[in-house]
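To start, the structure under review is shown below, and the notes come after it.
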Amino acid sequence: MSVLAEVTGSIGSIGYGIATLGPGIGVGLIFGQGVQAIARQPEAYGLIRQNMLLGFVLTEALALIGLVAPFMFGK
């Protein structure tokens with residue numbers, strides 16, 4: 001039986017690629033819902049924008065942790 005596919009490179013790199021899916025989806029949801037909220041209630045722009053940016057920062061922190069973790073724990 002022959003091998004159909006072979007994985008080369010670092011498993012950590014593959015793990016990071018998978019780990020970026022969550023924050024990518026999260027950022028899309030944050031800004032999509034934020035724009036929709038601003039369209040519905042323009043007078044609350046400042047509060048909505050502040051919450052959007054806070055959510056963005058926390059979501060991107062997860063992506064950075066996912067980037068650093070394979071290098072810290074990889075051998």
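Can you give me the number of residues within segment 33-50 that are open to solvent by 90 Å² or more (accessible area, probe 1.4 Å) and either part of a helix (DSSP H, G or I) or small (Gly, Ala, Ser) (or both)?
8
Restricting segment 18-29 to residues that are open to solvent by 40 Å² or more (accessible area, probe 1.4 Å) and assigned to a helix (DSSP H, G or I), which is farthest from Gly55 (Cα to Cα)?
That would be Ile18.
When you look at Leu4, is it modelled with pLDDT of 75 or more and closer than 30 Å to Pro70 by Cβ, yes or no?
no
Hey, could you check segment 55-75 for residues that are open to solvent by less than 90 Å² (accessible area, probe 1.4 Å) and over 20 Å from Gly26 (Cα atoms) and say which is modelled with the lowest pLDDT?
Gly74
The values are calculated or read from the model by the stated rules, or taken from the named source; none is laboratory data. Only a predicted model underlies this, so the values are computations on that prediction, with no experimental measurement involved. With ideal geometry, Cβ positions are generated from the backbone for all residues, glycine too; neighbour counts draw on all protein chains shown. The area values use the complete protein model at the heavy-atom level, side chains included, leaving out ligands, DNA and RNA. Shrake-Rupley method; radii C 1.70, N 1.55, O 1.52, S 1.80 Å.
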